[in-house]
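Novice: Structure below; questions to follow.
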Amino acid sequence: MSKNVLVLIGFISILLAGCAAQPKNGDIIFAKVTHIFKEAEYRKAIEDKESFKGFFYERKLSMLESAINEGVTIEDVKNQRLVACECSCGAECYASYPLLLPDGVAITLYGLVELEAGAAKWQGDAQRYKYTLGKYLRNIDILFEDWARIEGNHNLLPVCDPMKWRK
């Protein structure tokens, strides 16, 4: 092979490696809470089943639909237990997960958590994600300026890998 072909293959491998480490169902990850679901969102979803049809790339709606399908109740949402979390798993990609917090656990928006990831599967035919709930492990107290981040479009998200979270 020519040098140019080898360089091109190497460059493509580096780009693909940025997304190769996306967490799988059951992996232990760190993530930032990016949304706390509201009672109004839940009510709208229950009262208007059409709200889940026809959306494109809307992770928040996919998470809510999956949580409802897994038995999350309006009481859980009223108690601010259903949240959406995100982490950075590569240079230009990120992972999203719905998480049901245990009773008595409170977290603020943009708080950091350690969780066991649920499934996050892209359904190309429906143009949306299918999720399962993650499992909460603990809140993390690391100052924003001490987060390790992967550079790229999502550099405000913490690195998924617990071994690389601190700078």
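The values are calculated or read from the model by the stated rules, or taken from the named source; none is laboratory data. Note that the coordinates shown come from a computational prediction; the quantities given were computed from them, not determined experimentally. Heads up, the Cβs are rebuilt from the backbone with ideal geometry, glycines too, and the neighbour counts pull from every protein chain shown. These accessible areas exclude ligands, DNA and RNA; they are computed on the full protein's heavy atoms, side chains included. Shrake-Rupley method; radii C 1.70, N 1.55, O 1.52, S 1.80 Å.
Novice: Across segment 47-69, which residue is modelled with the lowest pLDDT among those that are open to solvent by 20 Å² or more (accessible area, probe 1.4 Å), assigned to a helix (DSSP H, G or I) and not acidic (Asp, Glu)?
Specialist: 51
Novice: Which one of 136, 110 is of a type in the set (Phe, Trp, Tyr) and within 21 Å of residue 66 (Cβ to Cβ)?
Specialist: 136
Novice: Here's another thing I want to ask about it. Residues of segment 90-112 being assigned to a loop (DSSP other than H, G, I, E, B), open to solvent by less than 60 Å² (accessible area, probe 1.4 Å) and either at positive phi or touching a residue at least 40 places away in the same chain (Cβ under 8 Å) (or both), which ones?
Specialist: 91, 107, 111
Novice: Name the residue, out of 83, 72, that is at pLDDT 85 or above, buried (at least 22 other Cβ atoms within 10 Å of the Cβ) and of a type outside the set (D, E, K, R).
Specialist: 83
Novice: Right, something else. Give the residue that is modelled with the highest pLDDT, with candidates limited to residues of segment 113-153 that are buried (at least 19 other Cβ atoms within 10 Å of the Cβ) and in a loop (DSSP other than H, G, I, E, B).
Specialist: Step by step, filter segment 113-153, then rank; the result is 133.
Novice: Kindly list, by first and then second residue, each pair from a residue in segment 27-54 that is more than 19 Å from residue 81 (Cα to Cα) and of a type in the set (S, T, N, Q) to a residue that is open to solvent by 40 Å² or more (accessible area, probe 1.4 Å) and modelled with pLDDT under 90, limited to pairs with Cβ atoms under 6 Å and residues at least 6 apart or on different chains.
Specialist: 51/44
Novice: Give segment 10-27 a look and list any residue that's at pLDDT 85 or above and open to solvent by 70 Å² or more (accessible area, probe 1.4 Å), or say none.
Specialist: Once the filter is applied, which keeps residues that are at pLDDT 85 or above and open to solvent by 70 Å² or more (accessible area, probe 1.4 Å), segment 10-27 yields 24, 25.
Novice: Under 7 Å between Cβ atoms, which residue pairs at least 6 apart in sequence (or on different chains) link something in segment 113-125 that is farther than 16 Å from residue 137 by Cα with a partner that is charged (D, E, K, R) and open to solvent by 60 Å² or more (accessible area, probe 1.4 Å)?
Specialist: Taking only residues 6 or more apart or on different chains, the pairs are 121/130; 123/130.
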